[in-house]
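Trainee: Supplied in structure tokens, the structure appears directly below.
Please treat every number below as a calculation from the coordinates, not as lab data. Keep in mind that what you see is a predicted model, and the values were worked out from it rather than measured. Cβ atoms come from the backbone with ideal geometry, glycine included; neighbour counts cover every protein chain shown.
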Amino acid sequence: VPVTAIDTTGAGDVFAAALVLGTLADWPLEERLRFGSLCSALAVQQFGGSLAAPGWGDITDWWRSLSAAADGGDLRAAYTRTGYRFLDDVVPDHPVQGRRRAQGTFALRSDAGLH
């Protein structure tokens, strides 16, 4: 998935997590690798390392945007969509609500009331 990377920190962690998800879902190896690549590609477009890992909302937005471009005659999008057809079975048809990216779990001293 061609992207402009702004922060590659954590891309391997995101890839590994996506690979584990695909393994637990019993996806074929090729789909697991593609999903890992997609999640890493979406993550490196944000700052924050592994906290930039995409949520289902981000994946859904990417898939719908790619599909619309492919349906509109974009040959590059159509080619890319072919490799990710398995997402049709997992991307929800309804709007995805909630968080799109992970939230940091670390605290600052000021958060604990220690000034």
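Trainee: Would you mind checking the radius of gyration and Dmax of the stretch 11-92 based on alpha-carbon positions, in Å?
Mentor: 12.6, 35
Trainee: Separate question: How would you rank Asp13, Asp88, going from fewest to most other Cβ atoms within 10 Å of each one's own Cβ? Working shown, then result.
Mentor: Working: Asp13 15, Asp88 11.
Ascending Cβ contact count within 10 Å gives the list Asp88, Asp13.
Trainee: Normalise the Debye intensity by I(0) for the stretch 3-54, one equal point scatterer per Cα, no solvent, then take log10 at q = 0.13, 0.14, 0.25, 0.28 Å⁻¹ and round to two decimals.
Mentor: These q points yield log10 I(q)/I(0) values of -0.26, -0.30, -0.79, -0.92.
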